[in-house]
Amino acid sequence: MATVVKFNVFCKDILLAVHNFSSHTFKALLTNSAPLAANTVKADISEISAGFGYSAGGVVVPCAVSLSGATAKVTASDATITAAGGTIGPFRWVVLYNDTSSGDSLIGYIDYGSSISIASGDPFILDFDSVNGLFTAS
């Protein structure tokens with residue numbers, strides 16, 4: 001099962017109220033350059049080129065917060081990117097960031113283990129259920 005690897009700055013940003021998972025817009029972008037734990041904002045990431053169904057800045061990822069006892073969990077709805085008229089990629093990492101925050105603050109990333117390309121007509125589903133939620137706090 002894939003896991004979301006958090007950027008170092010994420011926990012600090014939570015304490016400084018940079019992220020509001022019930023009202024901000026969160027996005028996932030594609031990159032074929034390894035993210036660094038010390039990255040802090042979207043501009044630190046080398047996104048793949050836009051085109052063929054992939055928009056610069058990535059795709060919106062709706063988030064929700066739930067509470068069970070004293071444990072809060074942030075989950076994300078699946079998002080789909082479909083290639084049209086050409087191939088998207090290659091990419092290996094999907095980077096989550098807050099598009100509402102100043103500078104587009106980074107949250108975390110998923111490493112798919114090897115580069116992926118999406119052929120024209122094919123969908124790529126960002127299946128956040130498979131990562132068992134983005135994160136929990138208790």
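Could we say that THR80 is in contact with a Pro (Cβ under 8 Å, 6 or more places away or on another chain) and part of a strand (DSSP E or B) here?
Considered against the rule, which asks whether it is in contact with a Pro (Cβ under 8 Å, 6 or more places away or on another chain) and part of a strand (DSSP E or B), THR80 comes out as yes.
Quick one: in segment 1-22, of everything that is under 17 Å from ALA37 (Cβ atoms) and among the hydrophobic types (A, V, I, L, M, F, W, C), which residue is surrounded by the fewest Cβ atoms within 10 Å (Cβ to Cβ)?
Within segment 1-22, the match that is surrounded by the fewest Cβ atoms within 10 Å (Cβ to Cβ) is CYS11.
Got at least one residue in segment 49-59 being within 22 Å of ASP13 (Cβ to Cβ), outside any loop (DSSP other than H, G, I, E, B) and touching a residue at least 12 places away in the same chain (Cβ under 8 Å)?
The answer is yes, given that some residue of segment 49-59 is within 22 Å of ASP13 (Cβ to Cβ), outside any loop (DSSP other than H, G, I, E, B) and touching a residue at least 12 places away in the same chain (Cβ under 8 Å).
What single numbered condition from (1) surrounded by 13 or more Cβ atoms within 10 Å (Cβ to Cβ); (2) over 19 Å from LEU16 (Cβ atoms); (3) of a type in the set (S, T, N, Q) fails to hold for THR100?
(2)
Residue pairs, Cβ under 8 Å, 6 or more apart or interchain, first in segment 12-36 and over 20 Å from PHE128 (Cβ atoms), second surrounded by 11 or more Cβ atoms within 10 Å (Cβ to Cβ) and of a type in the set (Phe, Trp, Tyr). List them.
What qualifies is ASN32/PHE91; ASN32/TRP93; SER33/TRP93; ALA34/TRP93.
Look through segment 99-120, keep the residues that are assigned to a loop (DSSP other than H, G, I, E, B) and not small (Gly, Ala, Ser), and return whichever of them is nearest to ASN39 (Cα to Cα).
The qualifying residue nearest to ASN39 (Cα to Cα) is ASP104.
Quick note: the coordinates plus some simple rules give every number you see, no bench work behind them. Computed from a prediction, not measured in an experiment: that's the story for all the values here. No Cβ is skipped: glycine too gets one built from the backbone with ideal geometry, and neighbour counts run over all protein chains shown.
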